Amino acid sequence: MLTFPWPTAHPHRRARIALGTLLLLAVAAVTGYGLLATRNAEPAGQAHLTAASNPPDPATAAMSPALAPTGSAPILATADPVAFATTVARALFDWDTTGQHTLAEHEGRLLAVADPSGVESPGLVADLEAYLPSVQTWDFLTQYETRQWIEVTDARVPGQWRETVTAAEGALAPGTTAVTVTGVRHRAGTWEGREVAEEFDVAFTAIVVCGPTYPQCYLLRLSRLDEPLR
């Protein structure tokens, strides 16, 4: 079985991700991200959102690797934080190095729904570096026609988020919510002319902000992979 190389966050990058003293203290025992309070932040310009078609049916995860989703669908515009986080998960994990969409385009559609105030955007950029391949890795994986997609098995607001909100004492923007997504990450490609595939259980937490602060949801930060709030 082919084991695909995968980048990991460097220690100094993890330190950069840990922003926001308030939430860092509240959740440091279970996650590596922070979040700046944006209650009083004014939007620097609304991020562009394009309504997506209906999300892929979970049954697509059972398709052959050649028929797996390629991650070309835009982020779903919705006011439902759980539905939004589920679409973010697909945008984060669904990609195809042999498809028509570039690595920059995959990253761009996630940044298109970043914090409209711009406060959390630098942190989100750092978060994405731990999830998406580097340019060099993407080019390497292209040689093996590597594709990846996620089968989402659950998405919910974790119980620990309520504790975090209480600890924040009103410092968070109204509608700021954590959603923990669990699923199975599938990877497929070719090795010496043969089709190979592997899968991994994955979990992460997305911090989003929806109504009443904004009429639709935006992505603020991501936890480290497999270190979600529970």
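The values are calculated or read from the model by the stated rules, or taken from the named source; none is laboratory data. A quick note: this is a predicted structure, and the numbers were derived from the prediction, not measured. Note that each Cβ is placed from the backbone with ideal geometry, even for glycine, and that neighbours are counted across all protein chains shown.
Results, tabulated for the structure shown:
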quantity: Which numbered condition THR190 fails, given (1) in contact with a strand residue (DSSP E or B) (Cβ under 6 Å, 6 or more places away or on another chain); (2) of a type in the set (S, T, N, Q); (3) modelled with pLDDT under 95; calculated: (1)
quantity: Unmet criterion (only one of (1) assigned to a helix (DSSP H, G or I); (2) within 15 Å of the chain's Cα centre (by Cα); (3) surrounded by fewer than 16 Cβ atoms within 10 Å (Cβ to Cβ); (4) among the acidic types (Asp, Glu)) for GLU163; calculated: (2)
quantity: Tally, over the stretch 192-227, of residues that are part of a loop (DSSP other than H, G, I, E, B) and either under 12 Å from the mean Cα position of the chain (by Cα) or of a type outside the set (Phe, Trp, Tyr) (or both); calculated: 14
quantity: Filter pass, ARG162 being touching a helix residue (DSSP H, G or I) at 6+ places or on another chain (Cβ under 7 Å) and over 14 Å from ALA85 (Cα atoms); calculated: no
quantity: Of all residues making up the stretch 91-121, the number that are in a helix (DSSP H, G or I), in contact (Cβ under 8 Å) with a residue 12 or more places away in the chain and touching a Leu at 6+ places or on another chain (Cβ under 9 Å); calculated: 7
quantity: Residue match in the stretch 137-160 (condition: under 15 Å from ARG221 (Cβ atoms), touching a residue at least 40 places away in the same chain (Cβ under 8 Å) and of a type in the set (A, V, I, L, M, F, W, C)); calculated: no
quantity: Residue pairs meeting the criteria (Cβ under 7 Å; at least 6 apart or on separate chains; first at positive phi, in the stretch 217-228; second at pLDDT below 95 and part of a loop (DSSP other than H, G, I, E, B)); calculated: none
